[in-house]
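See structure below.
The values are calculated or read from the model by the stated rules, or taken from the named source; none is laboratory data. If you're wondering where the values come from, they're calculated on a predicted model, not measured in any experiment. Backbone-built Cβ (ideal geometry, glycine too); neighbour counts: all protein chains shown. The area values use the complete protein model at the heavy-atom level, side chains included, leaving out ligands, DNA and RNA. Shrake-Rupley method; radii C 1.70, N 1.55, O 1.52, S 1.80 Å.
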Amino acid sequence: MGDEEDGKKPRVLQMVRADGTDKNCFTFVLHNEDHTLGNSLRYMIMKNPEVEFCGYSITHPSERKINLRIQTKAGLPAVDVFQKGLEELRGVCQHVLSKFEASVEEYNAQKDVTMEEV
């Protein structure tokens, strides 16, 4: 029985730590996500010089979940890197959205001026 069927909220994120590893190495399972978030988040996380490895895989094409693995240099928790990557990606998305909306407004204003001249 799935989470949705028994009235619980479906899981969005799971954290998996392999036996014998410390807080520097985690696999984050993101449900209902695909390459769009996986590759973007991997890119943002890999920009951090304290990250030794970050990669993701999709378990099966028919499943909408990704496994994102992060391994950091000693002393930096992978959870912190994951959170920072999400925050930075959100900032980039907000910037793109604001530029897009400004361009749409500018286009509509030019279109209105052109229509008035006709």
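Using the structure shown, decide if C54 is within 16 Å of Q14 (Cα to Cα), open to solvent by less than 50 Å² (accessible area, probe 1.4 Å) and without any contact (Cβ under 8 Å) to a residue 60 or more places away in the chain. Give the derivation first.
Values: within 16 Å of Q14 (Cα to Cα): no; open to solvent by less than 50 Å² (accessible area, probe 1.4 Å): yes; without any contact (Cβ under 8 Å) to a residue 60 or more places away in the chain: yes.
No; evaluated as a whole, the condition is false for this residue.
Here V92 clears all of (1) within 12 Å of the chain's Cα centre (by Cα); (2) surrounded by 15 or more Cβ atoms within 10 Å (Cβ to Cβ); (3) not in a loop (DSSP other than H, G, I, E, B) except the condition numbered (2).
Given the residues S98, S57, which is the only one that is part of a helix (DSSP H, G or I) and of a type outside the set (F, W, Y)?
Details: S57 fails: part of a helix (DSSP H, G or I).
Answer to the check: S98.
Filtering S62, S103 for residues that are open to solvent by 80 Å² or more (accessible area, probe 1.4 Å), over 17 Å from the mean Cα position of the chain (by Cα) and among the hydroxyl-bearing types (S, T, Y) leaves a single hit, S62. Any residue in the stretch 69-93 that's within 19 Å of S57 (Cα to Cα): show its pairings with residues that are of a type in the set (G, A, S) and part of a loop (DSSP other than H, G, I, E, B) at Cβ separation under 6 Å, as long as the two are six or more apart or on different chains. Pairs found: none.
L76 meets the conditions (1) modelled with pLDDT of 90 or more; (2) loosely packed, with under 15 Cβ neighbours inside 10 Å; (3) assigned to a loop (DSSP other than H, G, I, E, B); (4) of a type in the set (A, V, I, L, M, F, W, C) in every case but one. The failed one is (2). Taking the stretch 32-47 as the range and being in contact with a Lys or Arg (Cβ under 9 Å, 6 or more places away or on another chain) and either modelled with pLDDT under 95 or among the β-branched types (V, I, T) (or both) as the test, the residues that pass are N32, E33, D34, I45.
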